[in-house]
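One structure is given below, encoded as structure tokens.
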Amino acid sequence: MKQLDFLRSRRVRIVILTVLLLLLVAGGAACAFFMRSFNGAAEPVYVYIDADDDADSLRAKLLDEGRASSSLSLRGVQLLQSGTAGVRPGRYDVGSGQSVLDVARRLRRGQQSPLRLTIPCVWRSQDLAGRLSRVLMADSAALADAMTDAALLRELGTDSANVVGLCLANTYEVYWTIAPVDFLRRMKRESDRFWTDERRAAAERLGLTPAQVVTLASIVDKETAAAAEQPRVAGMYLNRLRTGMKLQADPTVKFALGRFDLRRILHEHLTVDSPYNTYRYEGLPPGPICLPSLQSIEAVLRAEQHDYLYMCAKEDFSGTHNFARTYDEHMANARRYRAALNARGIK
């Protein structure tokens, strides 16, 4: 009887040990399955998940954009995700040597990878909206709407003519899903950081507000790409402002006409009735004519002090200018430049 009990007890122990061994093997297999590399990529691999993605589109993106190394990797993510449950829209890195488990957790927790967004130097706010929509989830219409939202602009302390001036041409780290409203609020914070007490004091010494500095910088930016002469150009326009002389800046005419490809400004172009036409209206235009570079803004703040009132592009087409103190000197420079244009057949 004792021997029978011993055998039964032994069989139970064997069964228990066998079950435990099978559980360990299964657990080890599951662990190996979920810890395997999702796509075998050592470098970042980005997947963009939209709010309207369903299980099928998510699967396609993980295979295509995410370069899932096998159907097993994809199946592992799907098992942990239960389809798209809990997956938030965003730009996700599914590479960088991450495992199936890492990718599943990143998607479920909404652990996006930020992108480096460079604000381009464009002419108009609608151009900026179009360029931003190429790299952000928001479309150009939503971005453009935010840039003309009166209540939001009041909150930001600006208006539709000057909102582009908040978007300093720099590089920022943002999430792909950033909403247009939040983007503009972020730009406001960046602008406030840029306008230190020192820069504000420099603007005040020029008799300008920060917004007016940006507007003048936009003209300087479009007048010359030569960094060395930007402070001189800025100084010339400041001289005109102080004496009540019209700025007569050709780039403002291009902006007023919406013809940014004009190579030669003719008399017929100067008649356009627009507050941006500085040949017709004194002072600065209502807002910037482009999104100026930080270099151009700094050029205005450290504008060169001189007594030049005129500038004309050099006849050698170097992109630099001849400066003049008197109208007669300026006309001589202008005749040389017009002759060079005619010689090249530029109309």
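The values are calculated or read from the model by the stated rules, or taken from the named source; none is laboratory data. Note that the structure is predicted; figures quoted are calculated from it, not measured. Neighbour counts run over all protein chains shown; Cβ positions are idealised from the backbone, glycine included. Just so you know, the surface numbers come from the protein's heavy atoms only, side chains and all, with ligands and any DNA or RNA stripped out. Shrake-Rupley method; radii C 1.70, N 1.55, O 1.52, S 1.80 Å.
Would it be correct to say that residue 181 is modelled with pLDDT under 95 and open to solvent by less than 60 Å² (accessible area, probe 1.4 Å)? It is false that residue 181 is modelled with pLDDT under 95 and open to solvent by less than 60 Å² (accessible area, probe 1.4 Å). Taking residue 285 as the residue in question, decide whether it is open to solvent by 30 Å² or more (accessible area, probe 1.4 Å) and either among the hydroxyl-bearing types (Ser, Thr, Tyr) or in contact with a Phe, Trp or Tyr (Cβ under 8 Å, 6 or more places away or on another chain) (or both). Against the criterion (open to solvent by 30 Å² or more (accessible area, probe 1.4 Å) and either among the hydroxyl-bearing types (Ser, Thr, Tyr) or in contact with a Phe, Trp or Tyr (Cβ under 8 Å, 6 or more places away or on another chain) (or both)), residue 285 does not qualify.
Against the list (1) touching a residue at least 60 places away in the same chain (Cβ under 8 Å); (2) touching a Leu at 6+ places or on another chain (Cβ under 9 Å), the condition residue 306 fails is (2). Taken over the range 131-164, the criterion of being buried (at least 16 other Cβ atoms within 10 Å of the Cβ) and either without any contact (Cβ under 8 Å) to a residue 24 or more places away in the chain or acidic (Asp, Glu) (or both) is satisfied by 131, 133, 140, 144, 149, 153.
Restricting attention to the range 232-264, the residues that are part of a helix (DSSP H, G or I) and either open to solvent by 10 Å² or more (accessible area, probe 1.4 Å) or within 25 Å of residue 301 (Cβ to Cβ) (or both) add up to 19. Has the range 266-277 got any residue that is in a loop (DSSP other than H, G, I, E, B), under 30 Å from the mean Cα position of the chain (by Cα) and under 21 Å from residue 338 (Cα atoms)? No, there is no match, as no residue in the range 266-277 is in a loop (DSSP other than H, G, I, E, B), under 30 Å from the mean Cα position of the chain (by Cα) and under 21 Å from residue 338 (Cα atoms). Taking the condition of being in a helix (DSSP H, G or I) and crowded, with 19+ Cβ neighbours inside 10 Å, how many residues in the range 103-129 meet it? Counting residues in the range 103-129 that are in a helix (DSSP H, G or I) and crowded, with 19+ Cβ neighbours inside 10 Å gives 7. Pairs linking a residue in the range 222-239 that is within 16 Å of residue 285 (Cβ to Cβ) to a residue that is open to solvent by 30 Å² or more (accessible area, probe 1.4 Å) and small (Gly, Ala, Ser), with Cβ atoms under 8 Å and 6 or more positions apart or on different chains, do not occur.
So is residue 142 farther than 22 Å from residue 258 by Cβ, touching a helix residue (DSSP H, G or I) at 6+ places or on another chain (Cβ under 7 Å) and in a loop (DSSP other than H, G, I, E, B) or not? The answer is no for residue 142.
If the condition is being in contact with a Gly (Cβ under 9 Å, 6 or more places away or on another chain) and farther than 18 Å from residue 287 by Cβ, then the range 107-159 contributes 107, 108, 109, 110, 111, 112, 113, 137, 140. If you take the residues of the range 197-215 that are under 22 Å from the mean Cα position of the chain (by Cα) and open to solvent by less than 30 Å² (accessible area, probe 1.4 Å), which of them is farthest from residue 161 (Cα to Cα)? This residue is 213.
Counting the residues of the range 49-70 that are among the aliphatic types (A, V, I, L, M) and open to solvent by 30 Å² or more (accessible area, probe 1.4 Å) gives 4.
Entry remark, the range 315-334: residues being charged (D, E, K, R), part of a helix (DSSP H, G or I) and surrounded by 12 or more Cβ atoms within 10 Å (Cβ to Cβ) number 1 in total.
Looking at this structure, is residue 302 open to solvent by 80 Å² or more (accessible area, probe 1.4 Å) and out of contact with any Asp or Glu (no Cβ under 9 Å at 6 or more places or on another chain)? Spelling it out, residue 302 is indeed open to solvent by 80 Å² or more (accessible area, probe 1.4 Å) and out of contact with any Asp or Glu (no Cβ under 9 Å at 6 or more places or on another chain).
Under 28 Å from residue 157 (Cβ atoms), modelled with pLDDT of 95 or more, in contact with a Ser or Thr (Cβ under 7 Å, 6 or more places away or on another chain) and assigned to a helix (DSSP H, G or I): does that describe residue 221? Against the criterion (under 28 Å from residue 157 (Cβ atoms), modelled with pLDDT of 95 or more, in contact with a Ser or Thr (Cβ under 7 Å, 6 or more places away or on another chain) and assigned to a helix (DSSP H, G or I)), residue 221 qualifies.
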